[in-house]
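Taking it in order: structure first as C-alpha cells, then the write-up.
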Amino acid sequence: MNAESRARLNQTPEWTALAAHREQLGEVQLRELFAADPARGTSYTLQVGDLHIDYSKHLVTDETLRLLRELAAATDVFGLRDAMFRGEKINTTEDRAVLHTALRAPSDTVVRVDGENVVPEVHTVLDKMSAFSEKIRSGEWTGHTGKRIKNVVNVGIGGSDLGPAMAYEALRSFTDRGLTVRFVSNVDGADLHEAVRDLDAAETLFIIASKTFTTIETITNATSAREWLLGELKASPDAVAKHFVALSTNAEKVADFGIDTNNMFEFWDWVGGRYSFDSAIGLSLMIAIGPDRFREMLDGFHLVDKHFRAAPPESNVPLLLGLLGVWYGNFHDAQSHAVLPYSHYLSKFTAYLQQLDMESNGKYVGRDGEEVDWQTGPVVWGTPGTNGQHAYYQLIHQGTKLIPADFIGFAQPVAELAPGLAAQHDLLMANFFAQTQALAFGKTPDEVRAEGVAEELVPHKTFKGNHPTTTILAKELTPSVLGQLIALYEHKVFVQGAVWNIDSFDQWGVELGKVLAKRVEPALTEGAEVPDLDGSTTALVAKYRDLRGR
Ligand code: F6P
C-alpha cells in the first residue's frame, strides 16, 4: 500500500479498535495485571542478541498488544521495512534510499541503489578507515613537524557529532588512553577554544565531519581550527595535509576547503546524518577503540537489523517498542519519553537519541502531503538515572504527566574499575531495579498509614504508581552491545514513523532557522542597517548591537 492511497490512520478500524480498547481498559492498574498473571514478569520479556527486554511494567494486556500489532499490519510497517532494506527510495521528499543498514552488512550482501550494489564500496571505505586508524594508533602517521599524533579533534554537528561523541563516551574503557579525543560542534568559539587550548598543534589531527560540507557551524569551526593550527605551527598551508582529514559525501567542497581528497573518507546520500555514525563519520571512534572493536560494534548493529527483518511480530523487539510508544502517545496522551541509562558511560546516549527520534519523527505532515491529525514523535529526554533521581524523578513519580521511560542497565561494571569501585555497581543497580518497581507499583495510602505517617501527610507520601517502563538489561556495555542498542532505537523510530505515515528521513524543519540566521548575521557583524525583520527581532538585534558596543 503506498502512502498516498493509505486510509487516514485515525479512521482505520484498527485505530478505532485501539481507542475502544483503551476506553474499556480505563485506569487499569499494574498491581492488578501482575496479580492476575504472576508469570507476567517473565512472560512479558523478549531477548534480542545480548539485550533482555522486560515490558511487563506496561499498561497493556495481550489484547492491547494484539491490537497494536494489527495496527502495524494495517499500516504495512513490515512492507516499508522491506522496501528500506531493499534500497528503495522510501525517503520520498528527498528522493533517496535509506540504507544505514547497508553500512553494517557483511561484505557478501547485495543491496542495490539505482542498480548498483553499494556494499563493496562500504567495505572499501571501512578498510581505508581501518588502515588510517592503525597508522594513527601506531604512530606511523606523524604531523607536519614529524611528531606523533596524540590528539584527535572531531569537528562536526548533529549527526556528524552526536554519534561518535556518544559512542566515544560509551566505550571509553575500550579506548587507547594515550589518545586525547575531543568533539567540537558549537559555533560558539568557546567550544573550539576549550577543545584546543591545552593541545600541542604538532600532535593534533582534526577530523572535519560533514555530510554536506556546507554546514555553517562546521565550516566556520574547521576554518578557525586551520587558522589555529597554522598559527601555532607557524607553517604554510601545506601543513594542513598532515593534520586535517574529511568525512563527507561532497568531494568538491572538501577539495575547495583545502583538504586533499585522498584524505577524505566517503559516504553516500543514502545515509541520513543521524543514521551515519557507523559510516565514515565514526572515524574518530575507530581511531579511539581500534578497527576490530569498531567492527564488533557494526556486528552488533547487524544482529539487530537481522532480528528486525526476520523476527515475527510477536517477538520483534523494535516493533514492540515502537508500538508501545504509539500506545502512549496516541491513546494515553503522553507527550514525552524518558530514556534513563544506569551507566555513567551512557551520559550522552539520550542526547544522541534526541536527534535520532525528534529529527526523524518531529513532523506534522504525512507522506501523502496531508497534515496529520494524530500525535507524532514524542519529546525524548533524560540523563543517567541516579543523577535524575535526585533531580527530576519527583515529577515522574508524583507529577501530573504520564512519562513512559526506558531504563537501561548492565549486570557487570566495566572491567577496568578498581575492585572498590566495581563493588559500587550493586548499589547503582539496586537503584535501577527499585525505581521501576516504585514507578510501577507505587505506595498506597494504606501502606503509608501503616508506617505511622500522620494523616495530613498521607497524600503527600502516597505514590500512585502505574508509570510504565521498559527495562533493557545486558551483561555489559561492549561495542557490540552499543551497536545493538542503537540499532534497536533506530528501528523503533522507523516503526513509529511508518505507523504515523510520516517521512522519518527528511529534516526540512531545520532549514528556516538556517536561512534566517544568514539574513540576520550581517546586521550583527557589519553594523549594517537592520534588515526587514519582524518587530521583536528588530528590537532584539538593536539591543544586542547596543550591548556589543556597535
Ligand atoms: O541541520 C540538520 C542537519 O542536516 C542534520 O540532519 C545533520 O546531522 C547535521 O545538520 C549536520 O549536517 P552535515 O553532516 O551535513 O554537516
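The values are calculated or read from the model by the stated rules, or taken from the named source; none is laboratory data. These numbers were taken from a predicted model, which means no experiment stands behind them. Methodologically, a virtual Cβ is constructed for each residue, glycine included, from the backbone with ideal geometry; neighbour enumeration extends over all protein chains shown. What goes into the accessible areas is simple: the full protein's heavy atoms, side chains included, and nothing from ligands, DNA or RNA. Shrake-Rupley method; radii C 1.70, N 1.55, O 1.52, S 1.80 Å.
Around the amide H of Val365, modelled in the peptide plane, lie the amide H atoms of Val372, all under 5 Å away and 5 or more residues distant in sequence or on another chain. Under 5 Å from the amide H of Arg96 lie the amide H atoms of Asn91, each residue being 5 or more positions distant or on a separate chain, with H modelled from the backbone and absent for Pro and chain starts.
Reported to two decimal places, what Rg/Rh ratio describes the stretch 214-268 when computed on Cα atoms with Rh from the Kirkwood expression?
Numbers: Rg = 11.2 Å, Rh = 11.6 Å.
Value, to two decimals: 0.97.
Taking all protein chains into account, the per residue accessible area for the chain stands at 43 Å² (1.4 Å probe).
Per DSSP H run of n ≥ 4, the term is -39500 (n - 2.57); total these for the chain, divide by its residue number, and report the mean residue ellipticity at 222 nm rounded to 500 deg cm²/dmol. Spell out each step's value before the answer.
On the way: 24 runs with 254 residues, N = 550.
Dividing the helical sum by the residues of the chain leaves -14000 deg cm²/dmol.
Helix 479-500 and the longest principal axis of the Cα set of the chain meet at an angle near 70°. Residue by residue, the stretch 199-211 carries 3J(HN,Hα) couplings of 9, 8, 4, 5, 10, 10, 10, 9, 10, 8, 10, 7, 4 Hz when phi is fed to the Karplus relation 6.51 cos²θ - 1.76 cosθ + 1.60 (θ = phi - 60°); x denotes Gly or Pro.
Within the accessible area of the stretch 376-423, what % is carbon and sulfur when the probe is 1.4 Å and the other protein chains stay in place? Result for the stretch 376-423: 63 percent of the exposed heavy-atom area is carbon or sulfur. Against the empirical 2.2 N^0.38 Å (N residues), the stretch 502-546 has a Cα radius of gyration ratio of 1.48. Working note: Karplus 6.51/-1.76/1.60 with θ = phi - 60° gives the stretch 190-197 the couplings 4, 5, 5, 4, 5, 6, 10, 4 Hz, where Gly and Pro are set to x. Per residue, the Cα convex hull of the stretch 404-550 amounts to 318 Å³. Cross-link reach is defined here as a Cα-Cα straight distance under 30 Å, omitting same-chain residues fewer than 8 places apart; for Lys543 the lysines meeting it are Lys514, Lys518. Scanning residues 5 or more positions from His467 or on other chains, those with amide H under 5 Å from its amide H are Ala440, with H placed 1.01 Å from N in the peptide plane. Counting only Cβ charges, +1 for Lys and Arg and -1 for Asp and Glu, the dipole size of the stretch 286-397 around its Cα centre is about 420 debye.
How big is the Rg/Rh ratio for the stretch 259-380, C-alpha atoms only, Rh by Kirkwood, two decimals?
On the way: Rg = 17.6 Å, Rh = 17.3 Å.
We get a ratio of 1.02 for the stretch 259-380.
Work out the P(r) tail for the stretch 52-155: percent of alpha carbon pairs separated by more than 22 Å, whole number. Provide the component values of the computation, followed by the final result.
Working: 3265 of 5356 pairs.
Roughly 61 percent, rounded to a whole number.
Relative to the longest principal axis of the Cα atoms of the chain, the long axis of helix 317-331 makes an angle of roughly 70 degrees.
Semi-axis lengths, largest first, of the ellipsoid equivalent to the stretch 1-88 are 29, 21, 7 Å, with √(5λ) applied to each eigenvalue of the Cα gyration tensor. Using the alpha-carbon positions of the stretch 90-147, Rg (one decimal) and Dmax (whole number) come out as 16.6, 49 Å.
For Lys464, the lysines whose Cα falls under 26 Å of its own Cα, not counting residues fewer than eight places away in the same chain, are Lys57, Lys401, Lys443.
Along the stretch 508-514 the Karplus relation, 6.51 cos²θ - 1.76 cosθ + 1.60 evaluated at θ = phi - 60°, assigns HN-Hα couplings of 5, x, 8, 6, 4, x, 5 Hz to successive residues, with x for each Gly and Pro.
The translational diffusion coefficient of the stretch 21-62, from Stokes-Einstein at 4 °C and 1.567 mPa s with a Kirkwood hydrodynamic radius over alpha carbon pairs, comes to 115 µm²/s.
Within the accessible surface of the stretch 239-312, defined with a 1.4 Å probe on protein heavy atoms only, the carbon and sulfur portion equals 43 percent. All Cα-Cα separations within the stretch 239-286 were binned at 5 Å from zero, giving a P(r) of 5, 23, 29, 22, 16, 4, 1, each value a whole percent of the pairs. Restricting the trypsin sites (Lys or Arg not before Pro) of the stretch 193-240 to loop positions (DSSP other than H, G, I, E, B) with no more than 14 neighbouring Cβ atoms within 10 Å leaves Arg197, Lys234.
Translational D (Stokes-Einstein, µm²/s) of the chain at 37 °C and 0.692 mPa s when Rh comes from the Kirkwood sum over C-alpha pairs? Spell out each step's value before the answer.
Numbers: Rh = 25.4 Å.
For the chosen part, D equals 129 µm²/s.
Here the Debye sum runs over all C-alpha atoms of the stretch 403-484 as equal scatterers in vacuum, and log10 of I(q)/I(0) at q = 0.23, 0.27 Å⁻¹ comes out as -1.05, -1.21.
Helix 62-74 and the longest principal axis of the C-alpha atoms of the chain enclose an angle of approximately 50°.
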